[in-house]
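Enquirer: Quick one: this structure, given as structure tokens, is what I'll be asking you about.
The values are calculated or read from the model by the stated rules, or taken from the named source; none is laboratory data. Keep in mind it's a predicted model, so treat the numbers as computed, not measured. Glycine gets a Cβ as well: all are built from the backbone with ideal geometry, and neighbour counts include every protein chain shown. The protein model used for the area step is the full one, side chains on, heavy atoms only, and it has no ligands, DNA or RNA in it. Shrake-Rupley method; radii C 1.70, N 1.55, O 1.52, S 1.80 Å.
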Amino acid sequence: MIFKKIIFSSYKAPLFLWRKLFNSFTTLIYKLCLKNCGKRVKIEFGAKISCPWRVSVGDNVNIGRGAVITTEMASAELIIE
């Protein structure tokens, strides 16, 4: 039983680190592309923002994995606060 717990823990720890790394990279890329970006914004790997140059994000916003954010019109601007 203890052996199974050790195997599971050693398997899960690297996944946590990879996920944290990918989330940080995704946040960095989207922050560079967004029209305006507030403080303490987190965007998880797997979120999709189409046309990020038309999207403004306020402070303390977390966009989770699987979220899809889009502006449908060419002249539209989306503001998330």
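Enquirer: Check off (1) aliphatic (A, V, I, L, M); (2) assigned to a helix (DSSP H, G or I); (3) modelled with pLDDT under 95 for I29 and give me the number that stays unchecked.
Expert: (3)
Enquirer: Check whether at least one residue in segment 37-60 is open to solvent by 90 Å² or more (accessible area, probe 1.4 Å), part of a helix (DSSP H, G or I) and in contact (Cβ under 8 Å) with a residue 12 or more places away in the chain, and report yes or no.
Expert: Within segment 37-60, the subset open to solvent by 90 Å² or more (accessible area, probe 1.4 Å) is 39-40, 42, 45, 48, 53, 60.
Remaining after also requiring part of a helix (DSSP H, G or I): 53.
Narrowing the set further to residues that are in contact (Cβ under 8 Å) with a residue 12 or more places away in the chain leaves 53.
Yes, segment 37-60 has at least one match.
Enquirer: Moving on to the next point. Within segment 61-81, count every residue that is open to solvent by 80 Å² or more (accessible area, probe 1.4 Å) and farther than 26 Å from L17 by Cβ. Spell out how you get there, then give the answer.
Expert: Restricting attention to segment 61-81, the residues satisfying the condition of being open to solvent by 80 Å² or more (accessible area, probe 1.4 Å) are 62, 65, 68, 72-75, 77, 79, 81.
Adding the requirement that they be farther than 26 Å from L17 by Cβ leaves 68, 72-75, 77, 79, 81.
Looking only at that region, the number is 8.
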